[in-house]
Every structure is written in structure tokens, then in C-alpha cells.
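This report refers to the structure that appears directly beneath it.
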There are 4 protein chains.
Amino acid sequence: MSDWFSSSYMARKGVAKGVAGKVHHLTEAAQGEYKYVYGAYAEPVLTIAPGDVVVAETLDAFGGAIKTVDDLPSQKLNFPFVNPQNGPIFVEGAEKGDVLCVRIERIVPRGPQPAGTSALIPEFGGLAANAGTPMLNKPLPERVMKYEVTEQGVRFNDKIMLPYEPFIGTLGVSPEIEAVLSLQPDYWGGNMDLPDVAPGAILYFPVQTKGAYLFLGDCHGRQGDGELCGVAVEINSTTTVQVDLIKSWTIGWPRLENAEFFMAIGSARPMEDAARIAYRELIRWLVADFGFDELEAYFLLTQAGKMRVGNMVDPKYTLGASIRKDFLPPA
Amino acid sequence: MSDWFSSSYMARKGVAKGVAGKVHHLTEAAQGEYKYVYGAYAEPVLTIAPGDVVVAETLDAFGGAIKTVDDLPSQKLNFPFVNPQNGPIFVEGAEKGDVLCVRIERIVPRGPQPAGTSALIPEFGGLAANAGTPMLNKPLPERVMKYEVTEQGVRFNDKIMLPYEPFIGTLGVSPEIEAVLSLQPDYWGGNMDLPDVAPGAILYFPVQTKGAYLFLGDCHGRQGDGELCGVAVEINSTTTVQVDLIKSWTIGWPRLENAEFFMAIGSARPMEDAARIAYRELIRWLVADFGFDELEAYFLLTQAGKMRVGNMVDPKYTLGASIRKDFLPPA
Amino acid sequence: MSDWFSSSYMARKGVAKGVAGKVHHLTEAAQGEYKYVYGAYAEPVLTIAPGDVVVAETLDAFGGAIKTVDDLPSQKLNFPFVNPQNGPIFVEGAEKGDVLCVRIERIVPRGPQPAGTSALIPEFGGLAANAGTPMLNKPLPERVMKYEVTEQGVRFNDKIMLPYEPFIGTLGVSPEIEAVLSLQPDYWGGNMDLPDVAPGAILYFPVQTKGAYLFLGDCHGRQGDGELCGVAVEINSTTTVQVDLIKSWTIGWPRLENAEFFMAIGSARPMEDAARIAYRELIRWLVADFGFDELEAYFLLTQAGKMRVGNMVDPKYTLGASIRKDFLPPA
Amino acid sequence: MSDWFSSSYMARKGVAKGVAGKVHHLTEAAQGEYKYVYGAYAEPVLTIAPGDVVVAETLDAFGGAIKTVDDLPSQKLNFPFVNPQNGPIFVEGAEKGDVLCVRIERIVPRGPQPAGTSALIPEFGGLAANAGTPMLNKPLPERVMKYEVTEQGVRFNDKIMLPYEPFIGTLGVSPEIEAVLSLQPDYWGGNMDLPDVAPGAILYFPVQTKGAYLFLGDCHGRQGDGELCGVAVEINSTTTVQVDLIKSWTIGWPRLENAEFFMAIGSARPMEDAARIAYRELIRWLVADFGFDELEAYFLLTQAGKMRVGNMVDPKYTLGASIRKDFLPPA
């Protein structure tokens, strides 16, 4: 274990103490039908124990339907059957009131080049009149981009090579009695589209239902803050995560830890409400575990908090509020 | 000139070509009455030429009225006479349709220790029911914090030392016919509270009126993203800026350049509108100067844009959208 | 049929032409378990034909758990099991792309007096820091109000008697693959909390799934615009509706018709987006059926549109945009 | 005096007790240069005593520049010189902490027919990508409408005649040290575009500065809720108001009274914040004058409050929260 991982919440408090268990291969074949909602109505495709590792073959957000720049989303996509997810994965021992830990180990692009897809989708996007903020303006032209994506980089065009900085766009557990589109982020995770959900990070999700019903999908080769046009560098991937379980830890929203910082993640509209949710959750964390009183934590984040804009395009916007670990006293 | 500065817009296009001119000392005495609105109704306190350097003695946002932790804002402040500004400074040759360049050289704390002040002000703050988002909940307790601030750091408390990362909280030119509280950010600059407005950065403001009427004040020893409680590490400072003028450059919102990135700054409510403004202004920049077509720039920022949350507490929220210079082709 | 009803969409285009069919009594016993999500995962409790009338015994939003002013919501409610719904009701012949018509005939309070309940619920309400717009302020006190409610009026207190103006708070069809809390309004209807959804009105919902899966519940003895504290005059009721089906009518959001006006209903956050959705849907209606071009309809609603604020407290805010029938040319 | 007027705040508490004083004719010639900001920097055009009546010749929002449907706003308007205002009018005895009463008596259209103008203005409007909510979509076409407007009606087109329901779009006092565009509504009034600001209503504004500096302009022949495209039926008018002064009445936002209701008016973005401001101000009113405790008032407005959407297009959105007088105990 790396130094920081051994002191992580997952390694310290997880049922498996951060020790990797059995490896499960959730291939396309093993997955069978991909899922389009986060909920506990579908049968689990896999049952795992805390500590187990899952190697999942994820599909891109279009389920592979956009193969060339001539495959227009309006013709190839069949809403709401977009953003296909691997899962649900049943985690033994998980119950409402626990926290599911997901340590992201690796994300490798799969499939023929150009492996990455982006697109302008009608009535969607951060700078386009859209279904949530409708206008009378004529829609933007539909356009598809295909990018060569390898672990060495994302070729934006002949002149611009961008770093490969992959992350999981959609990841989380199931709500208790709902089944919600995989397009939406919420307190259970889901389509957060937050670039910090990347290899090296551990995600913590508040379990809502027996077995947690973990889902993941929608990997991105990279993305800017806000996912401006609504579609990142969408890739098929082979993604490896190690799962663990912390019993009886009540959290309100997803949390994230990596070598450098602790983050709380909020999703809401308007965007300031996502920021408020994230910062309040982080204050609660500081109060519960680091000896701050609430107003002292409020002052500290005023001077030292960071805010990452994940998405400004999904049904709820996602922001992550964080504090550097080296600014904090020991937990 | 440093390498990057010599290739900056200010050095390449400024009337003074980035060459420093006369140095003006805008001391407290020279300033006389500090100002509380951005507008062209007040007489200039100083007239400068493009290239000139101004060394300003700024007051903290409370005009020094909060001297100890027992000086409660509700007793010591007299709204709207808060956030006092140096200026207006008349810049020779500046006209509507030009751009005023402000290169920030240095910000040094002034005055006796503890030099930094933060506070919880009634009906104000990002996680408090406030005048703009009122609730029936009882207000938070009023509380004042005093921090020792030197160029070596900000002492948050006995256990936590934070880096000194100073910036100018309020900086900009005057609107054409308005006079607007120095508490508000807008397309002319003002109270942006954006930590990137720091030494090493050049700000570009769209001139609205003859002489530009530059104001500055409200320096911060440091601040987290969003300025969560509404009050950063407020300091009196000696702040040095070099001013220049680019003729006939039409921009819609403040822009910023430093060694690493180009940024466009938007201020609005709700927060997503500030993000939209910032990203659209940055797209226009990429289209005008870097050979992109609009949708190509939209795609690039989707994959490579960064978003900084300046403030989520002022009358308008301020966000900065940026792109790394090394991702761009030459201008 | 009343004059206006005979010329309604339901009477003109419905499969049953507005002629009442069989009457079904959906008593508490017949309903059995009430439902807490809108979705097609539950078995229908009733199957009806277009034209049929349903007399439903609805429960109040608390499922009757708040019997006295001493029954505190935090102790008596078990989130997410709130806002119980009658249904799902399977409507024969209904398919995605159709419109379900629900004509509201009568809403009669049920049960012992005081039959009406309102309450301040922690972390909920339009003027209270809440889960969606969190603050650090201490919560409002919890408080329960019980009101005597009859068809003659709602006794607010000894001095104030308010008119009995009942309506259905939560009404709609199921989303296609989701199951969403009955607390949320959306394009399928749901918890709109819009006082116009009252006896004398016909609601039109876009069917998303075979059988429509109609739900209803959450009747209110009356309510102000916005449902300010989050809880109207909640009653158990006997509610009578006549259902019909219009084949192949594509609408994007719920619509409403009564003797006086046509209304389109939008639900979103922030509130202006709900307003935009409602007005755009109404423009589309005017264009499709009344011979307007889009910009002409935009001008007409600028001068003659009305906007009703339904709720400003639920997960999405609901607004209804309407135009008086006598301002329009014949359909 | 009509019954209700004799019991109004203005008649009961005004310095002049509602008794009309001297009549002042603020003709176009007497006004001279119309004003484009609300502020105390301009010299008063008129000084009046409490009780005095002002008959003002107002200009339309375009200053008459749009004479035919071929006069495109982008060619004829010179931003920010739009929405010209009569005033400032100095009211003797008015001081910060007082309330200025403006009773609206009559609004008569002036000038040749067609006297009414509406238009689609680039980057403006509630269903158009605009400067505050920018998008990349192409702008809507520019279009001008001219309507015949008399006290008998507004001729929308050959088939649709709409009632003449005039009101003052922009009305208020000056902020203390600011000068703010007449396009913006705020706590001092301004461009509220709220149809209740009509003959028969009394407006109450919180005075911010000695003499109050009253402005008015921007009369509308009628308008729908929200002023959807951003431009109502703009008319030149002869408008008659009676002014009075209530000493030492502290209010936070404009209030309105007519025969039927009391209203508090809030302006903010996003729209829910305008609603919160309006409802909280109304609660404060009920608490101060009608014997309610705060939570009781909160409950009452939950069941009986009304919300009017004034504008959803201006720099701040304006909503009015009201309660019927006959629901209240005597003041």
C-alpha cells in the first residue's frame, strides 16, 4: 500500500482494511444487458465481498452507437436508453447507513481508434438552448467528433494533443426506492462527470439499500471543468476498481479522497446550490473527524477551500469542494 | 521582461509596449477620501499615462473599522460605506472601446499585526441565510477573526499555517453612466474576489468611459474558492500595478493572462450564468485570436477548459474560465 | 356536458369523446399499499378503459401519521415513505406518444376533524435553509398545524376563515424506465402542487409507457402560490376523476384546460427555467393548434400570458403558463 | 376619498393624509433631458411637497426611436441610453428611513397611432439566448411590432383585441450613493415591470437619500406576466400620480396596496430569490402591523399568499407576493 492509501478511510475503516480480495471480470458478455437507471429493481449481475476487485468493460455514453462523424446522435440514439452502465453489483454486507468505498485503480481505453467520441446533441449542452433551459433560438448544428485516445494522450486535432486524464463519468450506488436515469447525478453518485473521480481516488457513497447496488460506466479520456458541450471524450474502457465497505458511517453526499485532498461532492441546480451542498458536507466532515467546530470549519474553507466544477450540463450540476490534507490536523 | 510577459497582450499591443513609466504613490494621504462606488461621477485622484506604475495604499474591506475580535461588524460598519477603494485614476488616452491593462506586481500587507480580518456578517455569506437569499432562520452568530499575515504566511490558528497567496479583491474600470457599489462585480470588473487576480497576472478591462476611471482595493492575504463566508483574509496593503492601454480592442468582460493560462471572467446570478458568460467570452477570444471556429473552440473547452470559482457571496457570483497557453496554437 | 367541456380537447379528441364510462371505487382497501414512486415497476391496482371514472380515497401527504399538533414530522415520518399515492392505474390502449386526459370532478375531505394538516418540517420549506439550499443556520422550530376543513372552508384560526379551494397536489403518469419519488414533479406530472389542478380542470399528460400507469394523491384543501412553507392544507380525500385518452398527440409537458384558459406546466430549478419550459410549451401549443407562428405567439404571451407559481419548495419548482381562451382565435 | 383609500397607509400615515396638493405638470419640455440612471447625482427637475400631484409626460422605453416596424432596435437604440425616465423629483422632507408613497391615478396613451411598440431585441428576452444567459445559438430575428393603443384596448392584430390595462414599468426612488441603470429593478423600485403598478394602486418605496429623488417612466399599455420577450406594449403616456411621505417607516423593499390586497415586491436572480425576498418582506409586514408572529404569518401565506411574476427578463427578475385584505384582521 502506498503511504497515503494506508491512512485512507478505506484502509483504516473498511471491512477488508484495504486489502484486495478476489478479482471479478465484468466483461461485456458477463454484463449482458447494460442498465440505464440507478435503482434496485434490476437483478444484480455480480455479487462481491468487501475488498474484491472488479475489472469492468464499460461502454461509452452512446453504447457505441456513434461510430463515425456521420453517425448523428439524433438518428443513432434512442433516449432514454443512453449512458449504459455496468451493474448492479451486489456488495455483501452493505446496508442502508453504511458507506461503499470505490478505489479507482486504472482506466484503459478499449476498442478501435479513433476511440474517443464527442458530439453536439440537439437541445443539450452548457452553451446551447436546451431542454432544461429552453429558448426559441434555432438549435446548434449537430456535430460529431472522433478523437484518437491512448494512454499517451487525446489527439484533439493535428495541432493539439491533450493529456490522457481519464476518469469515471458515472459511478454510484442505488437510491432506496427510486430508479433514476443514469444521466442524473445525485446524493447517491450517478452521472457526476467530475474529473477527480480518477485513478488514485477513493469514492465514498452513502449506501441506501441492502447490497448497495453499485453501478459504473461512462468513462472519459479527459474532460474540462463543466463538460461544456455536454459530451466529454467518451470511451469504451476497461476499468479496475477495488470495493470496500465501511459500516455505520453516515454521510449525506458522495465524498472523495486522494493523495492530496478530501472532497465532498454536491449535485443540484442552480449551481450555487451544488456548491452549498458540497461545502456544507465538507464542513460536516471536518467537524465530525478533525476536531473543528462548525464555524471554525466555515472560516477555514473560506480561506482554503477549493471548488471543482464537474458538470454544468446534466440534470443536476456537480461541484466538488475540497481541502488539502496538509492543511488539516490529523484525523 | 520575463519571457511570457514580453509575449503578453499588454507588452505586444499596449500603447507603452509593457515598458514601465512613471511611478505614482497613491498613499492614504494622497487618496484622501476612499470611494464606495465604481463610476465616473467622482473627481480623479490621479492622472496617469499608459505604462505608468501605481503604488497604492489600499484599505481593507472594512476601512480598518474591525480592529479586534470584539469589533462587531453590525456595530462598526455603516452600510453602504464598506469596501473602500483607491481611485478613480484617470488614464490618459483611454476611451470607450479600448482595453485597460493592469499588471499586478506586488501586494504587501500593511499595518500592525494581526493584519488580517475575517468575519461573519449578519445576513451575508455563502452558507448563511442572507439578504439575497433570505430565509426565516435565525442568523448565524456574529464573529470576528484576526489573523497574523506576513509574506511568509497566514496564521489561521496555532495549528494551521496557510500560504500567503495575496490578490486584489476589487479592481476595475467605471461603467459608462452608472455608479455602482464597490461590493458588486460586473463586466467592468469590480468586486470579483477571484484569487487569480494576483501578482504575476495581467487584467484586461473593457473601457466604458473617457479616462477609464480605474479603481482598486480590497486586497486579500489569501482566499479559498468561493470566499465561502463572504470575508477573505482582509488586509491593508501596499499594492503595485503597472497600467497600460490597448486601443480599439473590444472585449465584453474582464480577461486575465498569466504565465500559464488565458482566462475570461464572468459575474452573474445564478452561478451557471457566470460560468456561461465566462466560457462564451473565452470562446470569442479563441475565435478572434487563435484561429478557431466557434464550435471547435466549444469542443476544445469541453475537453480542456478550467473553471475557477471566485466568489459565491457577492451581489453577482464571479467565475473565471481558462485554457492553458500550451494547449493553444500561437496567437 | 357543459358548453366548454364539449369543446375541450378531451371531449373532442378523446377515445371516449368525454362520455363517462364505468365508475371504479379505489377505496383504501382496494388500494392496499399506497405507492411512493411514479414508475411502472409496481403492479397496477386497477385497470380502466378510456372514459372510466375513478373515485379514489386518497391519503394525505403524511399518510395520516400526523394526527395532532404534537405528532412531530421528524418522529412520525419515515423518509422516503411520504406522499403516498393511489395507483398505478393501467389505462387500456395507452401507449408512449399518446396523451392521458384526467378531468377532475370533485374533491371531498375525508376523516375526522380537524381534517387538515400543515407543518414546518426540518430542512424543508421555501423560507427555510433546506436540503436543496443548505445553510449553517439553525433549523426553524418544528411545528404542526391542524385545520378544520369542510367544503364550506378552511378554518385557519379563530379569526381567519379561508375558502375551500381544493386541488390534487400530485397527479400524473409514469416515466418510461424510471421510478421517481412522488415528492418530485417533472414532465410526467407528479408533485406539481399547482392550485389550478382543481375540480373543473382537465389535465393532459404525455404517456411514456404502455398503460400510462396513472397515479394520484396528496390532495389539498387549499394552498397559496408557491406552497411557501412546503406543506399545504393536507387532507385525506375522496377524489373523483374521469379519465380519457387522446391517441398520437405529442406534448412535452403537462397541459391543463378549464373553462377560462389553456395552461402549460413546467417544473425545474431554478425557477426561471420552469417559467421558460412552461411558456415554450404553451407557444408550441399555440403554433400547433391555433395558427400562430412561433414569434407571433411569443409576442402574444408577452402581452397576455399569465404565470401561476405552483410550488417553490419541491425538488423541482412548478409554474403554469396560461392564456385566456377568449384571447385566442378558434382552434 | 374612496373607502379603501381612506384606510390606506398613505391616507392614514402620510404627511398630507392623502389630501391632494398642488398639481405639477412635468411635460416633455419641463423635463428637458430624460434620465437613464436612478441616482442622486442629477439635479432635480422638480421639487414637490407631500400630497402634491405630478402629471408627467413619459416617453416609451425607446425614447420614441422606434417609429415603424422597420426601425430596428440594433440600429436605432444606443445602449445604455434606453428607458428614459422623468425626474428626479425632489420631495420636501423626505429622508433616509422614510417611505415615499406614490398613488397612481391615471395613465393615458400619448402620440400618434399606432402608439404601442414591442420588439425582439438581439441578446434580450425570456426565451432567447441573451447577455445574462448567453448561448452559442444564433440570435432570434430582430422584429418590431406596432400596436394601436387607446383607453379602449390594444389591437394585437386584426383578430385579437386585448384590454387596455396600463401600468408604470419603471418607478422608484434613488439609491443612496449609487446611480443605477433605469433598466434594473431593485430594493428602491426601478424597472420592476410589474402589472400591479397600475392606476388604483399605491406604491411605497424605502427612501434612501434626502429628497427621495423620485423617477418614473416606461409606461405600458398592457403586459403579460413575465414580460416574456422583454418588451411590453411600450407607450408614451401622460401619467398622473399623487405623492406622499410617511416618516420613519422602515421597509426593506417596495410595497404596494390597492383595494384588494397588500403586496411586497422582490427583485433578484434566480427567480426563487425574488420570490423569497417578496414573501419575507410580506411576512415582516404582517408581523409588524397585523399581530402575527413570524411562523404564523409563514403558515398563512403558505395557504393564502399570491405571487405575481412581473418580469423574467430584466437584470433582476421581479415578483410580487400578496395577501387579500379580507383575509387579514384589521391592522
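The values are calculated or read from the model by the stated rules, or taken from the named source; none is laboratory data. Only a predicted model underlies this, so the values are computations on that prediction, with no experimental measurement involved. Counting neighbours? That spans all protein chains shown, and the Cβs are built from the backbone with ideal geometry, glycine included. These area figures cover heavy atoms from the full protein model, side chains too; ligands, DNA and RNA do not enter into them. Shrake-Rupley method; radii C 1.70, N 1.55, O 1.52, S 1.80 Å.
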Problem set entry | Convex hull of Cα atoms in the stretch D:14-100, direction-averaged projection (nm²) | 7.0 nm²
Seminar exercise, completed: Of D:Lys325, B:Lys67, C:Lys13, ordered by accessible area with the largest first and a 1.4 Å probe, the sequence is B:Lys67, C:Lys13, D:Lys325
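Let me know the mean shielding of A:153-163 by other chains, meaning the per-residue number of their Cβ atoms within 10 Å of its Cβ. Working shown, then result.
On the way: counts 0, 2, 0, 6, 5, 0, 5, 8, 1, 5, 2.
Counting Cβ atoms of other protein chains within 10 Å of each residue's Cβ and averaging gives 3.
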Exercise. Using a simple charge model, +1 on the beta-carbon of Lys and Arg, -1 on the beta-carbon of Asp and Glu, nothing else, what dipole does the protein assembly as shown show about its Cα centre, in debye to the nearest 20?
Worked result: 0 debye
Seminar exercise, completed: Given the candidates D:Asn130, D:Met161, D:Pro80, the one whose Cα lies deepest towards the positive end of the charge dipole of the stretch D:3-251, counting +1 at each Lys or Arg C-beta and -1 at each Asp or Glu C-beta, is D:Met161
For this session: Could you pull the Rg and Dmax for the stretch A:34-85, using just the Cα atoms, both in Å?
Result: 14.4, 44
Seminar exercise, completed: Interchain or sequence-distant (5+) residues whose placed amide H lies within less than 5 Å of the amide H of D:Arg106 are D:Thr240
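Hey, could you get me the Stokes-Einstein D for the stretch C:10-65, Kirkwood radius over alpha-carbon pairs, 4 °C and 1.567 mPa s, rounded to whole µm² s⁻¹? List each step's numbers first, then the result.
Values: Rh = 13.2 Å.
The estimated diffusion coefficient comes to 98 µm²/s.
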Exercise. Lys/Arg Cβ at +1, Asp/Glu Cβ at -1, dipole of chain C taken about the Cα centre: which of C:Val173, C:Met312, C:Pro329 is farthest positive-ward?
Worked result: C:Pro329
For this session: Pairs of Cα atoms under 8 Å, at least six residues apart: use those to get the relative contact order of the stretch D:3-251, whole percent.
Result: 32 percent
Exercise. D for the stretch C:185-267, whole µm²/s, Stokes-Einstein with Kirkwood Rh over alpha-carbon pairs at 10 °C and 1.306 mPa s: what number?
Worked result: 113 µm²/s
Problem set entry | Where the Cα pairs of the protein assembly as shown fall when distances are cut into 20 Å bins, in % | 11, 39, 39, 11, 0
For this session: Tell me the distances, shortest first, between C:His25 and the same position across the other copies, using label points 7 Å along Cα→Cβ, in nm to one decimal.
Result: 6.3, 7.7, 9.6
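If you take the square roots of the eigenvalues of the alpha-carbon gyration tensor of the stretch C:125-265 and sort them as a ≥ b ≥ c, do you get rounded (a/c under 1.5), prolate (a/b over b/c) or oblate? Could the numbers behind the result be given before it?
Working: a/c = 2.29, a/b = 1.37, b/c = 1.68.
Because a/c hits 1.5 or more and a/b fails to exceed b/c, the stretch C:125-265 counts as oblate.
As a test, work out the antiparallel percent of DSSP beta bridges whose residues both lie in the protein assembly as shown, rounded to the nearest 5.
On the way: 274 of 306 bridges.
Taking every DSSP beta bridge with both residues in the protein assembly as shown, the antiparallel ones total about 90 percent.
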Exercise. Quick one: putting +1 on the C-beta of Lys and Arg, -1 on the C-beta of Asp and Glu, what dipole do you get for chain A around its Cα centre, in Debye to the nearest 20?
Worked result: 160 debye
Problem set entry | Cα gyration tensor shape for the stretch D:276-317, rounded if a/c is under 1.5, else prolate or oblate | prolate
Problem set entry | Only Lys, Arg (+1) and Asp, Glu (-1) charged, at Cβ; the stretch D:175-331 dipole about Cα centre in debye | 120 debye
For this session: Consider just the alpha-carbon atoms of chain D and return their Rg together with their Dmax, both in angstrom.
Result: 19.0, 57
For this session: One decimal, nm, shortest first: give the distances between the label point of C:Met161 and those of the same position in the other copies, each label point 7 Å from Cα along Cα→Cβ.
Result: 4.2, 7.5, 8.3
Problem set entry | Sequence-distant lysines (8 or more away, or on other chains) whose Cα lies within less than 16 Å of B:Lys17 | B:Lys247
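Write down the accessible area per residue of the stretch D:1-78 in Å², having rolled a 1.4 Å probe over the full set of protein chains.
Details: 3800 Å² over 78 residues.
Each residue of the stretch D:1-78 exposes 49 Å² on average to a 1.4 Å probe.
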Exercise. In the full protein assembly as shown, how much of C:Arg143 is accessible to a 1.4 Å probe, in Å² to the nearest 10?
Worked result: 90 Å²
Seminar exercise, completed: Taking a crude spin-label model, label points 7 Å out from Cα along the C-beta direction, the A:Lys138 to A:Thr27 distance in nm is 4.9 nm
For this session: Take the alpha carbon gyration tensor of the stretch D:16-165, find the square roots of its eigenvalues, order them as a ≥ b ≥ c, and report rounded if a/c is under 1.5; if not, report prolate when a/b exceeds b/c, else oblate.
Result: prolate
For this session: Within 10 Å of each Cβ in peptide A:36-46, how many partner chain Cβ atoms are there on average? Round it to a whole number, please.
Result: 3
Problem set entry | Closest approach to the A/D rotation axis among chain A Cβ atoms, residue and whole-Å value | A:Asn137, 2
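Please state the relative contact order of the stretch C:12-60 as a whole percent: Cα pairs under 8 Å, 6+ residues apart? All intermediate terms of the calculation are to be shown ahead of the outcome.
Working: 44 pairs, mean separation 29.3, N = 49.
Rounded, it is 60 percent for the stretch C:12-60.
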Exercise. Given a 1.4 Å probe and the protein chains all in place, what does the accessible area of A:Ile251 round to, in Å² to the nearest 10?
Worked result: 10 Å²
Problem set entry | For D:Pro122, label point 7 Å along C-beta direction: distances to other copies, nm | 2.7, 4.9, 5.6
Problem set entry | the stretch D:121-165, relative contact order [Cα under 8 Å, separation at least 6], % | 23 percent
Problem set entry | Largest-first ordering by accessible area, 1.4 Å probe, given options C:Asp273, C:Asp3 | C:Asp3, C:Asp273
Seminar exercise, completed: Probe 1.4 Å, protein heavy atoms only: C and D together bury a total accessible area in Å², to the nearest 100, of 4900 Å²
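Among A:Lys35/C:Lys76; D:Lys96/D:Lys306; B:Lys35/B:Lys67; A:Lys35/A:Lys96; B:Lys316/D:Lys325, which pairs are too far apart, with a Cα-Cα distance over 32 Å?
Violating the 32 Å limit, Cα to Cα: A:Lys35/C:Lys76; B:Lys316/D:Lys325.
Out of the stretch C:140-186, which GluC sites (Glu not before Pro) are coil in DSSP terms and have no more than 15 other C-beta atoms within 10 Å? Mind dumping the intermediate values first?
Working: sites: C:Glu142, C:Glu148, C:Glu151, C:Glu176, C:Glu178; in loops: C:Glu142, C:Glu151, C:Glu176, C:Glu178.
Sparse-neighbourhood loop GluC sites (Glu not before Pro): C:Glu142, C:Glu151.
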Seminar exercise, completed: One point scatterer per Cα, no solvent, Debye formula: log10 I(q)/I(0) for the stretch C:257-299 at q = 0.15, 0.21, 0.22, 0.29 Å⁻¹ comes out as -0.39, -0.69, -0.74, -0.97
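Over the whole of C:276-285, what's the average partner chain Cβ count within 10 Å per residue? Rounded to a whole number, please. Mind showing how you got there, number by number?
Details: counts 12, 4, 2, 10, 8, 1, 1, 4, 1, 0.
Mean inter-chain Cβ contacts per residue within 10 Å come to 4.
Using a 1.4 Å probe and counting only protein heavy atoms, arrange C:Ser248, C:Ser6, C:Ser118 so the residue with the most accessible area comes first.
Numbers: C:Ser248 100, C:Ser6 55, C:Ser118 0 Å².
From most exposed to least exposed: C:Ser248, C:Ser6, C:Ser118.
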For this session: Any chance you could look up the accessible area of A:Met307 with a 1.4 Å probe, heavy atoms only, rounded to 10 Å²?
Result: 10 Å²
For this session: Find which of D:Asn258, D:Ala232, D:Ala288 sits farthest along the positive direction of the dipole of the stretch D:232-300, computed with +1 on the beta-carbon of Lys and Arg, -1 on that of Asp and Glu, about the Cα centre.
Result: D:Ala232
For this session: Would you mind getting the Kirkwood hydrodynamic radius of the stretch B:192-331 from its Cα pairs, rounded to one decimal in Å?
Result: 15.9 Å
